Structure formats: structure tokens, C-alpha cells
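The values are calculated or read from the model by the stated rules, or taken from the named source; none is laboratory data. Not measured: the values here are computed from a predicted model. Using ideal geometry, Cβ is built from the backbone for each residue, glycine included, and neighbour counts are taken over all protein chains shown. SASA here: full protein model, heavy atoms, side chains in, ligands and nucleic acids out. Shrake-Rupley method; radii C 1.70, N 1.55, O 1.52, S 1.80 Å.
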Amino acid sequence: NLTRNYVSQLAHGMLAMTGFRLVNAPTFVPAYLFALTGSASLVGLALAMQHLGAFVSSIFGATAIEHRRKIVDLGLRYGWMMRLSVLGLALSGFFLPPNVTVYVFAAFLCALGVFSGMQNVLWNVLLTKTIPADRRGMMIGLRNFLGGMTASAVAYVGGKYLVETDALGDGYATTFLLAFVLTAAGLMFRYLVKEP
């Protein structure tokens with residue numbers, strides 16, 4: 001199943017990286033939080049929530065898989081929770097008043113951090129189970145290259161055509177919605193992985 005696993009993980013990585021870079025890059029989220037609050041301290045505090053969540057959850061990700069023979073299903077659950085957190089970022093921007101949005105946004109950032117910390121451990125273990133060591137470096141490099149190229153193109157589109165034009169009434173929320181669509185499309189490729 002090497003070809004199938006290789007292609008599916010490459011496609012997942014490229015699309016997921018593209019979408020998550022819209023959220024994790026030091027551009028859209030800080031700019032949006034600053035537009036909501038006007039406070040650099042609150043921006044830093046909200047971003048710290050995401051990294052705190054990722055820091056404390058990695059150990060739980062390792063604990064969740066150490067006794068399992070197969071881990072793809074659990075990874076898909078964590079993956080969907082990450083993507084629903086991104087969807088929460090978008091929906092809070094669309095439907096909540098600004099004074100409430102910042103708190104809900106920070107909570108969804110924390111949830112994104114928690115599930116990404118757990119999923120990172122899991123997908124790295126899955127990578128070692130499905131891709132031989134002599135092919136792994138090329139796949140990771142290709143995934144990072146393609147993900148970086150598409151992320152830069154999508155970030156340009158997000159900034160130029162979504163944020164500047166205030167698409168759908170909130171350009172930032174629309175950008176986060178685009179990130180959700182891209183990451184969800186990437187996760188669909190994980191359903192093709194055949195785990196030994």
C-alpha cells in the first residue's frame with residue numbers, strides 16, 4: 001500500500017498545511033484580534049492560549065495511542081476536532097458581536113491547540129508505520145514545499161480578495177472559513193490510508 005499511503009499523506013499534508021497556515025501564520029489571526037480589541041496584550045494572550053493548549057496536550061496524545069494497534073480512526077477524530085475549531089473561529093466572526101467574539105475566538109484557538117498537539121503525535125507515529133524511512137524525507141520535503149507554495153497563493157487571495165473586500169461581511173471570518181474547507185478537504189485523504 002506504499003503508493004496509496006504516500007499519495008494520500010502527501011495530499012493531506014499539502015492541503016492541511018495550506019489551510020492551517022492561514023490560521024497559524026503571524027498575519028490573519030493577530031490582525032483580526034487587534035482589529036477586535038485594539039490591544040497588543042490581548043492579542044498575545046489569545047495566541048498564547050493556542051500554544052498552551054498544544055503544549056499540555058501532546059502527552060495525552062501519546063498516552064491515547066501507546067496501547068493501540070491501529071490509530072487512524074483516533075487521528076481522524078482529533079483531525080475533525082481541529083477543523084471544527086477552525087470552523088468555530090469563522091462562525092464566531094460571522095455571528096457574534098465583537099465584544100464577545102474575542103473570548104469565543106480565544107477559546108476556539110485553545111481548542112485548536114489542544115487537538116493539534118494530540119494529533120501531531122499521532123500522525124508522526126502513523127507516518128513511521130506507513131512510509132519507509134528511506135522515502136519519508138522526500139515525502140515530508142515535498143509536502144512542505146507544495147504546502148508552502150499553495151499557502152502563499154491562498155494567503156494572497158485571502159488578503160487581497162477576502163479581507164480587503166470584506167467578503168461575506170467579514171473578510172477575516174471568510175478567510176478562516178476557507179481555511180476550514182482546505183483542511184477538511186485534506187483530512188478526507190486520510191481516509192485512504194491503509195494502516196498495517
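Within the stretch 75-103, the only residue that satisfies the criterion of being over 19 Å from L178 (Cα atoms), in contact (Cβ under 8 Å) with a residue 12 or more places away in the chain and among the β-branched types (V, I, T) is V102.
Working only within the stretch 148-169, note down all residues that are open to solvent by less than 40 Å² (accessible area, probe 1.4 Å) and either without any contact (Cβ under 8 Å) to a residue 12 or more places away in the chain or within 19 Å of L84 (Cα to Cα) (or both). Working first, answer last.
Of the stretch 148-169, the ones open to solvent by less than 40 Å² (accessible area, probe 1.4 Å) are 148, 151, 154-155, 158-159, 162-163, 167.
Selection gives A167 alone.
List the number of the failed condition for K70; all other conditions in (1) over 17 Å from the mean Cα position of the chain (by Cα); (2) assigned to a helix (DSSP H, G or I); (3) of a type outside the set (A, V, I, L, M) hold. All conditions pass for K70, except number (2). If you go through the stretch 36-57 and pick out every residue that is within 16 Å of the chain's Cα centre (by Cα) and open to solvent by less than 40 Å² (accessible area, probe 1.4 Å), you end up with 4. Of the residues making up the stretch 118-126, not a single one is open to solvent by less than 60 Å² (accessible area, probe 1.4 Å), farther than 21 Å from Y191 by Cα and modelled with pLDDT of 90 or more. Can you confirm whether F145 is in contact (Cβ under 8 Å) with a residue 40 or more places away in the chain, within 16 Å of A16 (Cβ to Cβ) and not β-branched (V, I, T)? Here the answer is no, as F145 does not meet what is asked. Remark: pairs (first residue in the stretch 43-55, over 17 Å from V102 (Cβ atoms) and in a helix (DSSP H, G or I); second residue acidic (D, E) and open to solvent by 30 Å² or more (accessible area, probe 1.4 Å); Cβ separation under 7 Å; 6+ apart in sequence or on different chains) are absent.
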